[in-house]
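Enquirer: This is the structure, below, for whatever I ask next.
The values are calculated or read from the model by the stated rules, or taken from the named source; none is laboratory data. Just so you know, these numbers come straight off a predicted model, no measurement behind them. Virtual Cβ from ideal backbone geometry, glycine too; neighbours counted across all protein chains shown.
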Amino acid sequence: MAELARDRGIVLRTQDHAETDRIAVLLTPRGRLDVLAKGARRLERSAGAVLDPLHVVDVIHYRRRGLHLLKEASFVRTFPAVRGDLDRATAALKALRWVVDLVPTGAADDRLYALTLEFLDALDGGLPPAVFTVAYTLRLLSAAGLGPHLTGCVRCAGTDGLTWSPERGGLLCARCGGRGDPVSARLGGALEALARLPLPALARLRIPDEDLANGAALLHQFHAAHLGR
């Protein structure tokens with residue numbers, strides 16, 4: 001008989017599989033977990049509703065032929081203010097797609113789970129979506145070992161003529177060959193603050209919307225350079 005395992009996780013996304021099945025991708029304290037829920041798309045199966053993105057769930061599963069098959073799923077909690085607001089829900093779901101791309105299955109690291117839960121709680125509690133997007137993404141990259149270099153030029157540590165060079169790992173000055181988008185001292189300082197300040201302080205930051213939008217765009221370039229999308 002297959003050995004049962006129990007995990008608690010945040011549902012990152014779901015996708016249909018075969019005619020009536022569904023695959024749920026979870027982030028757990030033991031890393032990413034992909035579980036196959038047989039028959040979850042049938043209306044009479046409650047597991048289909050439990051395994052919605054942005055739900056925290058408990059799952060009992062077992063392994064067979066390389067797959068984690070769901071035996072039981074139970075709802076633990078969700079983030080009602082996030083799920084009930086389009087801007088917050090959009091920011092959260094986009095962030096969770098980063099987790100799917102960054103975290104391989106079987107890579108146990110409870111820091112990523114704790115970080116994601118902490119930031120979703122903050123977003124649910126009123127953290128502005130644009131601040132959440134940039135701050136969480138920067139810290140997720142750092143926790144995954146891909147954090148961009150934000151303190152001066154990555155080659156010479158200079159602070160003049162900085163540009164965004166994701167292929168080189170972050171900020172690179174023009175003298176060292178930087179040819180990307182220019183990064184002003186104000187924008188660089190905002191990114192550094194969003195990456196480092198304690199979470200309670202983020203809601204009190206007064207960062208211009210333009211800088212938040214530019215920061216998100218720079219991180220999108222970083223994603224494309226390092227994850228091939």
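Yes/no matrix, rows are residues, columns are (1) among the β-branched types (V, I, T); (2) under 20 Å from R204 (Cβ atoms); (3) modelled with pLDDT under 95:
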| position | (1), (2), (3) |
| --- | --- |
| V99 | yes, no, yes |
| L102 | no, no, yes |
| R111 | no, no, yes |
| F119 | no, yes, no |
| D124 | no, yes, no |
| P129 | no, yes, no |
| F132 | no, yes, no |
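Enquirer: Also, I was wondering about something else. So which pairs qualify, if the first residue must be in segment 50-72 and over 30 Å from R88 (Cα atoms), the second must be of a type in the set (V, I, T) and modelled with pLDDT of 90 or more, the Cβ gap must be under 6 Å, and the two must be at least 6 apart or on different chains?
Expert: Partner pairs satisfying both residue conditions: H61/V35; H68/V35; K71/I60.
Enquirer: A further question on this structure: Select from segment 84-122 the residues that are among the charged types (D, E, K, R) and touching a helix residue (DSSP H, G or I) at 6+ places or on another chain (Cβ under 6 Å) and write down the one among them that is surrounded by the most Cβ atoms within 10 Å (Cβ to Cβ).
Expert: Our first condition is that a residue be among the charged types (D, E, K, R); within segment 84-122, this holds for 85, 87-88, 94, 97, 101, 109-111, 118, 121.
If we keep only those that are touching a helix residue (DSSP H, G or I) at 6+ places or on another chain (Cβ under 6 Å) as well, we get 87-88, 101, 111.
Working: D87: 11, R88: 22, D101: 14, R111: 13.
Across segment 84-122, the extreme among qualifying residues is R88.
Enquirer: Same structure again: As an exercise: evaluate L194 against (1) out of contact with any Lys or Arg (no Cβ under 9 Å at 6 or more places or on another chain); (2) within 18 Å of A122 (Cβ to Cβ) and give the number of the one condition it does not meet.
Expert: Every listed condition holds for L194 apart from (1).
Enquirer: Now, a different point. Show the residue pairs meeting these rules: Cβ distance below 6 Å; 6+ apart or different chains; first residue within segment 117-128 and in contact (Cβ under 8 Å) with a residue 60 or more places away in the chain and assigned by TED's automatic domain parsing to the domain that holds L205; second residue among the aromatic types (F, W, Y) and in a helix (DSSP H, G or I).
Expert: F119/Y136
Enquirer: Quick check on my filter: what residues within segment 131-153 are within 14 Å of the chain's Cα centre (by Cα), surrounded by fewer than 19 Cβ atoms within 10 Å (Cβ to Cβ) and either β-branched (V, I, T) or part of a helix (DSSP H, G or I) (or both)?
Expert: S142, A143
Enquirer: Does T163 satisfy the condition of being surrounded by fewer than 16 Cβ atoms within 10 Å (Cβ to Cβ), among the polar types (S, T, N, Q) and over 10 Å from the mean Cα position of the chain (by Cα)?
Expert: Against the criterion (surrounded by fewer than 16 Cβ atoms within 10 Å (Cβ to Cβ), among the polar types (S, T, N, Q) and over 10 Å from the mean Cα position of the chain (by Cα)), T163 does not qualify.
Enquirer: When you go through G228, G169, G180 one by one, which is the residue that is at positive phi, crowded, with 16+ Cβ neighbours inside 10 Å and modelled with pLDDT under 95?
Expert: G169
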